[in-house]
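Shown next, in structure tokens, is the structure this report addresses.
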Amino acid sequence: MKERPRVLVTEHLGADGLAALRAAVEVEAHDLLPVEELAGRIGEFDAVIIRSAHRMTRELLERAPNLRIVARAGAGVDNIDLDAATERGVLVLNTPGANAEAAAEHTFALLLGLVRHVRRSDHHVRAGGWDRQAFIGTELRGKSLGIIGIGRVGREVARIARGFGMQTWAYDPYVPEETVRARGATKLESLEDLLARSQVLTIHTPKTGPRLGRPELSRLPKGAFVLNVARGGLIDETALQSLCDEGQLAGAALDVFSHEPPVDAGLLAREDMLFTCHLGGSTNEAMSSIGTRIAQAVVRALAGDIPEEAVNLPFPSLDGVVPARLLEVGRVLGRIVGATGGEGPVLHVACRGGLPDEAAPMAARAILAGLLERVVDGPVNPVNAAVRAKEAGLQARIGVEAGGAPRLAAWFAERPDREVEITLEEQPRVQRLAGGRFDLRLPRHLLLTQHRDLPGVVGRVGTLLGNAGLNIATLELDREIPGGRALMALGLDDAPGLELLRALGNLPEMEGIYAVQVTGALEEEPR
């Protein structure tokens, strides 16, 4: 019986997430695994799920030869060396948007606390005070809100702002105007224009978002408020303090910092700023949702599927084609092209039959992975196939062609006559192989012969296979003209051994013979 994959959970995941894992895999779960213990344990597992306390460095990944998946129960992957994971063929998962509502609500919790002096008045009352004049606040209704980054969190912020009667502007070069408008906001084409209009400014971008230093923050209207519930380092904290001292800004609220926990005593002592400890996505509901979603994604990935949570493998939106089938057919196609199609520095990949453009990068990676399996040292899969191909001097040129059923094809630029094409049906079939036309259901092992079309050749091949104890599951022939070049594709239940291949190659009519293990993990040598 095949052993179930092993998954290490390094931080609290939640009961629902753990239940989803334990139904399918072996789990070792910790509320918080000591950071120093991770290096000594990670090599035992197929997958690891982390949150924020641990960093998956290149050195750590090198200690884990069996690791297939690193999953972040959260939105970012700042604590994962993405390049190192990709190079090693480790699939990285995360859960963007699962805590969008929580982060948006926290943004307004901070904003309301800031403009209504909640923290300061709370301390005042606890100390026995009752000076209402000292804590007169500012209303949000009618104020202009500027949102930098209108992804999942930014859109929720815009939706909530509409309920407060705020005038909302957004800057995000990657989001279309109609999407921004649907959330009740107006899109602006420049960051400078947004800053000049924003009485309240909030940023909701990844680490790659714009950096807001003194020049940018100085563009805000006098008395503006600034919030960061996104990523530490996006806003210059020193500039914030200076502009508050000068009266240009009325205050700021930060949930994230350039250094966590923050160490700037001057910053922490300010009365015109409000701070929380990276709590934006930390609600019971969000934590449960994230834990369940990442657990389900890990289970699917371990089963061979590519979930939409994948970070370092393109996830296409396919109509009627399962991503796992796209990967499997691509890998098989690559193996067959590698065995029958010659070689060269340029591989052409065609996605045919109405496959969307976004399917092509995933298909190309899968084909390259199958092609390179026996060519390069070390593991190769669709995650690191592009990296390994570049190392091997191989370039893939991708095209999308309309017409017919969904199918993949590939050939080397120098040998277009050796094109291989496979359909993406529930039972994929080889339609084109080494210049011949077939309709061959994928076998476990494929034997392709190129021979002169003379009487007795098929019989002698069958006799040699029978004498070797190999059963022929399927057989198809294609020929140009009687007596000319012929191709025979045989589906075998078992792999042909080297002696049998030599005997077949020694037949006088034989011009070429190719053996391909189609399904399953590659064997080192034919049996």
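Under the condition of being under 15 Å from His278 (Cβ atoms), of a type in the set (A, V, I, L, M) and touching a residue at least 40 places away in the same chain (Cβ under 8 Å), the residues counted in the range 204-253 number 4.
The single condition among (1) in contact (Cβ under 8 Å) with a residue 60 or more places away in the chain; (2) of a type outside the set (S, T, N, Q); (3) under 15 Å from Trp411 (Cα atoms) that Ala364 does not satisfy is (1).
Considering only the range 96-113, I want to know if a residue exists there that is among the aliphatic types (A, V, I, L, M), under 22 Å from the mean Cα position of the chain (by Cα) and over 18 Å from Gly281 (Cα atoms). Within the range 96-113 (the criterion being among the aliphatic types (A, V, I, L, M), under 22 Å from the mean Cα position of the chain (by Cα) and over 18 Å from Gly281 (Cα atoms)), the answer is no, since none of the residues qualifies.
Note on the range 388-410: among residues that are more than 30 Å from Ala84 (Cα to Cα), assigned to a strand (DSSP E or B) and not hydrophobic (A, V, I, L, M, F, W, C), the one that is farthest from the chain's Cα centre (by Cα) is Glu401. Take Leu313 and tell me if it is assigned to a loop (DSSP other than H, G, I, E, B), modelled with pLDDT under 95, among the hydrophobic types (A, V, I, L, M, F, W, C) and buried (at least 20 other Cβ atoms within 10 Å of the Cβ). Here the answer is yes, as Leu313 does meet what is asked.
Tell me, yes or no, whether the range 35-54 has at least one residue that is surrounded by fewer than 18 Cβ atoms within 10 Å (Cβ to Cβ), among the β-branched types (Val, Ile, Thr) and either at pLDDT below 95 or under 30 Å from Asn228 (Cβ atoms) (or both).
Yes, the conditions are met somewhere in the range 35-54.
Within this structure, Arg88 passes the test of being farther than 23 Å from Leu279 by Cβ, basic (Lys, Arg), crowded, with 16+ Cβ neighbours inside 10 Å and touching a residue at least 60 places away in the same chain (Cβ under 8 Å). Criterion first (in contact with a helix residue (DSSP H, G or I) (Cβ under 8 Å, 6 or more places away or on another chain), of a type in the set (Val, Ile, Thr), outside the structural domain of Gly370 (by TED's automatic domain parsing) and at pLDDT below 95) does Val516 satisfy it? Against the criterion (in contact with a helix residue (DSSP H, G or I) (Cβ under 8 Å, 6 or more places away or on another chain), of a type in the set (Val, Ile, Thr), outside the structural domain of Gly370 (by TED's automatic domain parsing) and at pLDDT below 95), Val516 qualifies. Restricting attention to the range 349-373 and to residues that are surrounded by fewer than 24 Cβ atoms within 10 Å (Cβ to Cβ) and either charged (D, E, K, R) or modelled with pLDDT of 95 or more (or both), the residue that is nearest to Arg429 (Cα to Cα) turns out to be Arg352. Scanning the range 149-178 for residues that are touching a residue at least 40 places away in the same chain (Cβ under 8 Å) and under 21 Å from Thr95 (Cα atoms) turns up Gly149, Ile150, Gly151, Arg152, Val153, Gly154, Arg155, Glu156, Val157.
Could you please let me know if Val420 is touching a Leu at 6+ places or on another chain (Cβ under 9 Å) and over 24 Å from Val311 (Cβ atoms)?
Yes, satisfied.
Checked against (1) assigned by TED's automatic domain parsing to the domain that holds Ile336; (2) surrounded by fewer than 18 Cβ atoms within 10 Å (Cβ to Cβ), Arg502 passes all but condition (1). Looking across the range 283-310 at every residue that is over 23 Å from His30 (Cα atoms) and either surrounded by fewer than 20 Cβ atoms within 10 Å (Cβ to Cβ) or in contact with a helix residue (DSSP H, G or I) (Cβ under 6 Å, 6 or more places away or on another chain) (or both), the one that is modelled with the highest pLDDT is identified as Ala303.
Against the numbered list (1) under 30 Å from Leu110 (Cα atoms); (2) in a loop (DSSP other than H, G, I, E, B), Asp305 comes up short only at (1).
On the phi < 0 side of the Ramachandran plot, surrounded by fewer than 20 Cβ atoms within 10 Å (Cβ to Cβ), of a type in the set (A, V, I, L, M, F, W, C) and in a strand (DSSP E or B) - does that describe any residue in the range 411-426? No, the range 411-426 has no match at all. Listed by position, the strands (runs of 3 or more DSSP E) inside the range 445-527 whose residues that are without any contact (Cβ under 8 Å) to a residue 40 or more places away in the chain and of a type in the set (A, V, I, L, M, F, W, C) number at least 1 are 472-479, 485-492. The criterion of being free of Cβ contacts under 8 Å to residues at least 40 places away in the same chain and either surrounded by 15 or more Cβ atoms within 10 Å (Cβ to Cβ) or not in a helix (DSSP H, G or I) (or both) does not hold for Gly342.
The values are calculated or read from the model by the stated rules, or taken from the named source; none is laboratory data. Quick caveat, the model's predicted, so the values are computed rather than measured. Neighbour counts run over all protein chains shown; Cβ positions are idealised from the backbone, glycine included.
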